[in-house]
Amino acid sequence: MVTNKLEKVAIAILAAGRGSRFNSNQSKLLAQLQRRSLLDWSLAAAIKSQLRPILVVVGYQASQVSILDEPVRIVYNPAWQQGIASSLKAAIEAVESDFNIDALIIGLGDQPLIHPQSYRRLAQAYVQGASFAVATYQQARRNPVLLARSLWPVVMKLEGDQGAKVLMSDYTVVEVPCDGSPVDVDTWEDLEQIERMNKDEQTTTTYS
């Protein structure tokens, strides 16, 4: 049944990096957007998708980032300084022995405007046969990304700052048009720009 296959799709939010461009001693993901942390925004979308389980991969300032009230599983990445590939591996290692999970959707903790439906649509792409799927916004490939179990051994060979994007030239990728915005926060200026966007559009939507 479709429902059973959807139940085999998990979500992993990557939240392990320091975010050095943010120029703060505090984890970037704890910065506030409309009185909620960036990570809270990212998690709210994942939770609203109703896909389970939801993992959060932490590293830098893990004890602070891990203080979450949400129904998530914390995965610590001891190699977080080695780049995003290490967080991808940590996420896969956390679920690969659970054969109830056949696909993993990778989201980022610094993308607060991803819509819950993005996760649902990627999961539906898996149900329809995709082993590798990517969310698109105005035809541009961004996050989140779905990786079926068949691709996990390949992902485990990535190093440094290599993410799923480097695999897209070698495998068939299903593009999934999504709502919301893939804008990410690298600097304080990025955060201020998102604040202005929300005010200009009088955005009041919350996913929690």
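For the range 160-208, what are the residues that are modelled with pLDDT of 90 or more, surrounded by 11 or more Cβ atoms within 10 Å (Cβ to Cβ) and either among the hydrophobic types (A, V, I, L, M, F, W, C) or part of a loop (DSSP other than H, G, I, E, B) (or both)?
Within the range 160-208, Asp161, Gln162, Gly163, Ala164, Val166, Leu167, Met168, Tyr171, Val173, Val174, Val176, Cys178 meet the criteria.
Anything in the range 142-159 that is at pLDDT 95 or above, within 18 Å of the chain's Cα centre (by Cα) and outside any loop (DSSP other than H, G, I, E, B)? List them, or say none.
Residues satisfying the conditions are Pro144, Val145, Leu146, Leu147, Ala148, Arg149, Leu151, Trp152, Val155.
Which residue pairs have Cβ atoms closer than 6 Å, lie 6 or more positions apart in sequence or on different chains, and pair a first residue in the range 152-171 that is of a type in the set (D, E, K, R) with a second residue that is modelled with pLDDT under 95 and part of a loop (DSSP other than H, G, I, E, B)?
So the pair list comes out as Asp161/Gly83.
Taking the range 33-61 as the region of interest, how many residues are over 25 Å from Cys178 (Cα atoms) and surrounded by fewer than 24 Cβ atoms within 10 Å (Cβ to Cβ)?
Adding up the residues that qualify gives 4.
Do the conditions hold for Leu6, that is, is it modelled with pLDDT of 80 or more and under 15 Å from Pro144 (Cβ atoms)?
no
Using the structure shown, decide if Ile114 is among the hydrophobic types (A, V, I, L, M, F, W, C), crowded, with 20+ Cβ neighbours inside 10 Å and at pLDDT below 95.
Judged against the criteria, Ile114 is a match.
Residue-by-condition table, conditions (1) in a helix (DSSP H, G or I); (2) touching a helix residue (DSSP H, G or I) at 6+ places or on another chain (Cβ under 6 Å); (3) without any contact (Cβ under 8 Å) to a residue 40 or more places away in the chain:
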position: Ser63; (1), (2), (3): yes, no, yes
position: Ile74; (1), (2), (3): no, no, yes
position: Pro78; (1), (2), (3): no, no, yes
position: Ala90; (1), (2), (3): yes, no, no
position: Gln117; (1), (2), (3): yes, no, no
position: Arg120; (1), (2), (3): yes, no, no
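Output the number of residues of the range 9-35 satisfying the condition of being modelled with pLDDT of 85 or more, assigned to a strand (DSSP E or B) and not β-branched (Val, Ile, Thr).
4
So which residues in the range 93-111 are surrounded by 21 or more Cβ atoms within 10 Å (Cβ to Cβ) and hydrophobic (A, V, I, L, M, F, W, C)?
Of everything in the range 93-111, those that are surrounded by 21 or more Cβ atoms within 10 Å (Cβ to Cβ) and hydrophobic (A, V, I, L, M, F, W, C) turn out to be Ala94, Val95, Ala103, Leu104, Ile105, Ile106, Leu108.
Given the structure, is Ser86 touching a residue at least 60 places away in the same chain (Cβ under 8 Å) and over 19 Å from Ala125 (Cβ atoms)?
In short, yes.
Return the total of residues in the range 107-165 being over 23 Å from Arg52 (Cβ atoms) and either of a type in the set (Asp, Glu) or in contact with a Leu (Cβ under 6 Å, 6 or more places away or on another chain) (or both).
2
Out of the range 117-141, which residues are aromatic (Phe, Trp, Tyr), closer than 15 Å to Asp179 by Cα and either buried (at least 20 other Cβ atoms within 10 Å of the Cβ) or within 11 Å of the chain's Cα centre (by Cα) (or both)?
Correct list: Tyr119 only.
The values are calculated or read from the model by the stated rules, or taken from the named source; none is laboratory data. From a predicted model like this one, the values you see are computed outputs, not experimental measurements. Backbone-built Cβ (ideal geometry, glycine too); neighbour counts: all protein chains shown.
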